[in-house]
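First comes the structure, then the notes that go with it.
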Amino acid sequence: MTRFKIGFIGTGIMGKPMIANLLIAGYAVTIFSRTKSKADDLIAKGATWANGPAEVAANSDIVITCVTDTPDVEDVLINGPTPVIDSARKGLICIDMSTISPMATMQMSKILAAKGIALLDAPVSGGQTGAIEGKLSIMVGGDKDVFEKVLPVLEAMGKTITYCGQAGNGQITKLANQVMVVHTLMSMAEGLAFAEKAGLDLATTLKVTTAGAAASHSLNVLGTKAASGDFAPAFMVDLQLKDLKLVTEYADQIKQPLPGVALIRQLLLSLQAKGRGRDGTQALLDVIRNLGTTKN
């Protein structure tokens with residue numbers, strides 16, 4: 001098996017454990033992030049630090065990006081002061097594991113292809129726990145031959161890796177996933193708020209509902225956290241809102257109404273307006289609770 005030299009840009013909640021799993025799998029990994037201190041523990045585990053995206057690319061066969069939003073990926077790959085494209089040699093493979101605009105992904109794919117660089121869009125689902133355990137669901141768009149070439153690398157980070165078709169299809173699939181995720185989040189928040197207002201014990205309610213047809217990641221994991229008052233983020237409200245902005249932009253382009261998403265987005269915006277954007281998305285429970293609170 002080819003032992004690719006891996007570059008990885010982004011050491012956040014998701015990127016850090018993904019890098020750790022690549023190191024465990026035996027890959028040589030060169031890393032960069034905007035804040036070097038966030039990478040200190042990875043360097044201690046054997047990762048090599050680079051001073052920018054171009055330096056990462058110069059020392060890698062594959063460059064993986066896992067950053068916050070569309071402009072961040074564009075800066076890292078093409079537009080920034082020292083982007084990957086500046087030092088990338090023909091044959092380099094870029095794998096973007098961020099969740100960003102499908103339209104921007106398609107455009108970047110064309111720009112990079114003109115330089116002999118392949119781009120796969122490979123956003124992930126499974127949250128921080130999935131990243132730590134190496135059990136992410138990874139949905140991939142781009143050239144199928146390139147996908148098959150890098151599959152062992154993806155398997156070091158994920159359990160379910162699915163080829164979704166042409167460039168941009170990975171991102172579109174992720175947006176469809178996010179539509180479904182926020183609906184399960186809403187069902188968790190409404191169900192627990194209803195149970196609590198009715199005087200039920202939430203631990204007992206969760207024991208019953210997580211064993212039946214209502215079970216979901218949102219209920220099983222986030223419901224348990226929310227019921228205990230734990231609003232630490234596995235996935236932040238700010239990031240969920242970023243994803244829903246991408247959803248609504250693409251839905252507008254293809255003229256697909258999403259009324260449920262519009263409602264949930266407004267409720268999450270109320271959390272952000274109260275300074276809770278960095279809370280976990282399970283904080284939606286508090287929004288629904290407050291709707292049923294009577295103030296004298």
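Observations on the structure shown:
- Rounded to the nearest 20, the size of the Cβ-charge dipole of the range 150-296 about its Cα centre is 200 debye, with Lys and Arg at +1 and Asp and Glu at -1.
- Helices assigned as whole DSSP H runs in the chain whose Cα atoms extend at least 24 Å along their own long axis and whose mean Kyte-Doolittle hydropathy is 0.5 or higher are not found.
- Listed residue (Ala20, Gly141, Ala88) projecting farthest to the positive dipole end of the chain, Cβ model: Ala20
- Straight Cα distances below 16 angstrom link Lys115 to the lysines Lys90, with same-chain residues fewer than 8 positions distant left out.
- Size of electric dipole in the chain: Cβ of Lys, Arg +1 and of Asp, Glu -1, about Cα centre, debye, nearest 20: 160 debye
- Unsatisfied cross-links (Cα-Cα over 18 Å) in the set Lys174/Lys245; Lys135/Lys174; Lys5/Lys36; Lys110/Lys245; Lys16/Lys38: Lys5/Lys36; Lys110/Lys245
- Dipole orientation for the range 139-296: of the candidates Ala251, Ala195, Ile264, Ala195 has the Cα lying most toward the positive pole (charges on Cβ; Lys, Arg +1; Asp, Glu -1).
- On full extension, the segment bounded by Ala44 and Leu269 gains 77.1 nm, given 0.36 nm per residue less the C-alpha separation.
- Normalised contact order of the chain, rounded percent, pairs of Cα under 8 Å and 6 or more residues apart: 13 percent
- Considering helices alone, the calculated mean residue ellipticity of the chain at 222 nm is -14500 deg cm²/dmol, with DSSP H runs of length four and up weighted by -39500 (n - 2.57) and normalised per residue.
- The range 193-286: equivalent-ellipsoid semi-axes (sqrt of 5 x gyration tensor eigenvalues, Cα, Å): 27, 16, 12
- Between Cys94 and Val63, Ala118, Leu119, Leu120, the built amide H atoms are under 5 Å apart, and every one of these is 5 or more places off in sequence or on another chain.
- Dipole magnitude for the range 1-148: about 300 debye, using +1 per Lys or Arg Cβ and -1 per Asp or Glu Cβ, origin at the Cα centre.
- Taking the three principal axes of the alpha carbon atoms in the chain, the coordinate ranges are 66, 45, 34 Å, sorted in descending order.
- Taking a straight Cα-Cα cut-off under 12 Å and skipping sequence neighbours fewer than 8 places away in the same chain, the aspartates and glutamates within cross-link reach of Lys144 are Asp121.
- Two-decimal log10 I(q)/I(0) for the range 76-127, as the Debye equation yields it once each C-alpha is a single scatterer, q = 0.15, 0.24, 0.25 Å⁻¹: -0.40, -0.93, -1.00
- Cα lying deepest toward the dipole's positive end in the range 62-213, options Ala211, Met157, Met186, charges on Cβ: Met157
Throughout, read-outs are computed from the coordinates displayed, never taken from laboratory work. Everything quoted here is computed from the prediction, not taken from an experiment. Glycine gets a Cβ as well: all are built from the backbone with ideal geometry, and neighbour counts include every protein chain shown.
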